[in-house]
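Trainee: There's a structure below that I have some questions on.
Please treat every number below as a calculation from the coordinates, not as lab data. Keep in mind the model is a prediction, meaning the values are calculated, not measured. Every residue, glycine among them, receives a Cβ derived from its backbone with ideal geometry; neighbour counts consider all protein chains shown.
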Amino acid sequence: MKSIDWKSLAFAYQKTNYNVRCTYRDGSWSKPEASTSEYLDVHIAATALHYGQEAFEGMKAFRDKEDRVRLFRWRDNCRRLQASAEGILMAPVPQELFEEAIYKVVKLNAEFIPPHGTGASLYIRPLLFGSGPKVGVSPSDEYTFIVFVIPVGPYFKEGFKPVSMQLVDDYDRAAPQGTGSLKVGGNYAASLRAGVRAAKEGFAAPLFLDAKEKKYIDEAGPANFFGIKDNTYITPKSDTILPSITNRSLMQLAEDMGLKVERRPVPVEELETFEEAGACGTAAVISPIGRIYDRRSKKEYVIAKDGKPGPVSEQLFKTLQGIQYGDVNDKHNWITIVE
Ligand code: PLP
Ligand code: COI
């Protein structure tokens, strides 16, 4: 294995030893098999390729001081993949199969799990798609479930430093009664134009508005949004955002810290009043938001006036990462040790 500079890892693909694959055919799933290939032999008429019948997950494994491997809330990712499957009529992956596949792929790639203290982690990417042929628009009869892993560093190159985001009103990632609450590939395809333009214009990510009224904050391209003010953690309630497991964890930790928690529509004008803001997700963990530029009104909301993360975001970040790396008591039982 080539040596890895753990501390300077980006959030990027690299080859690891194995991925794990299985197939659903004639009503049942095959056993997950390890593969060293990075490629698939897929039918040219697979529904994933034509009609976007595809969903994925993102979760992480961490090493603690004792060198044990810790999975964070994997059952929640499994449930969400099942919800995505149900939403676009794919065969759901049973929890026992999901568990077997992620344990297998993590163990087979143990040498890629970053050491404790490096700030890096192993990103686990489960992927489910319609692999059987259909040319008329209908769900596949066959599904493929794959899990691969990559060692990763921070999603935003800034790490735990405030980033600038761009509020957009001329692209939507999801329709009001569409698939925004599912983790399906189509939502990400729909977000690419806004994401690439935001990067070109100097922003870390786009911040999408609710697609119906364009009045409320929905979420960032790859992460949920939260704001902090008056000892309160505020995060959008919307049917078109991904129900983030990180956000759910932060709401609990905020409550533990004695903050009030509000999940409700967040009007754009309220940005003016936040003492802190952040984007949260498995890949992003917490990315503090220093500045939000509204592309439509050309108004700029400066949140981190001193250019530093706020104290509440910092405390949330430290506690969440502390639990993940085993340095803070896991009182909500979010961690499973891979034996
Ligand atoms: N929102 C979007 C669009 C995402 O892609 C992600 C990443 O998974 C999140 C939010 C955060 O969700 P989670 O915390 O479950 O990773
Ligand atoms: C994650 O945080 O796991 C994501 O999936 C975000 C992005 C890489 C799609």
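Trainee: Report, in whole Å, the centroid distance computed from the Cα atoms of region 1-53 and region 148-174.
Mentor: That distance is 23 Å.
Trainee: Helix-derived [θ] at 222 nm for the chain: sum -39500 (n - 2.57) over DSSP H runs of at least 4, divide by residue count, nearest 500?
Mentor: About -7000 deg cm²/dmol.
Trainee: Which whole-Hz couplings ³J(HN,Hα) result when phi for each residue of region 109-125 is put into the Karplus expression 6.51 cos²θ - 1.76 cosθ + 1.60, θ = phi - 60°, listed in order with x for Gly and Pro?
Mentor: In residue order, the calculated couplings are 10, 3, 5, 9, 7, x, x, 4, x, 8, x, 9, 8, 9, 8, 10, 10 Hz.
Trainee: Turning to a different aspect of this structure: Suppose every Lys and Arg Cβ carries +1 and every Asp and Glu Cβ carries -1, with no other charges. What dipole size does region 163-325 come out with about its Cα centre, to the nearest 20 debye?
Mentor: 400
Trainee: Can you work out ³J(HN,Hα) from phi for every residue in region 259-271, in order, using Karplus 6.51 cos²θ - 1.76 cosθ + 1.60 and θ = phi - 60°, giving whole Hz and x for Gly and Pro?
Mentor: The phi angles translate into 7, 7, 10, 10, 10, 7, x, 10, x, 3, 4, 5, 3 Hz.
Trainee: Count charges around ILE323 for me, please; just the other residues with Cβ under 13 Å from its Cβ, Lys/Arg as +1, Asp/Glu as -1.
Mentor: Value of the local net charge: +1.
Trainee: While we're on this one: What is the sum of charges, Lys and Arg at +1 and Asp and Glu at -1, for the other residues whose Cβ falls under 15 Å from the Cβ of ALA254?
Mentor: 0
Trainee: Ranked highest first by the average count of other Cβ atoms within 10 Å around their residues, in what order do 328-334, 13-19, 172-178 fall?
Mentor: 172-178, 13-19, 328-334
Trainee: For region 103-117 and region 82-100, what is the centre-to-centre distance using only Cα atoms, to the nearest Å?
Mentor: Taking the Cα centre of region 82-100 as reference, the centre of region 103-117 is 24 Å away.
Trainee: Starting from the Cα of LYS60, draw a straight line to each of the aspartates and glutamates and keep only those under 13 Å, dropping any in the same chain fewer than 8 residues away.
Mentor: ASP76
Trainee: Sticking with this one: Please give me the summed charge of the neighbours of TYR301: other residues whose Cβ is under 9 Å from its Cβ, Lys and Arg +1, Asp and Glu -1.
Mentor: -1
Trainee: For Cα pairs less than 8 Å apart in space and 6+ apart in sequence, what is the mean separation divided by the residue count of region 163-325, i.e. the relative contact order in percent?
Mentor: 24
Trainee: Of the peptides 263-276, 43-56, how do they stack up when ordered by the mean number of other Cβ atoms within 10 Å, highest first?
Mentor: For the peptides 263-276, 43-56, the packing ranking is 43-56, 263-276.
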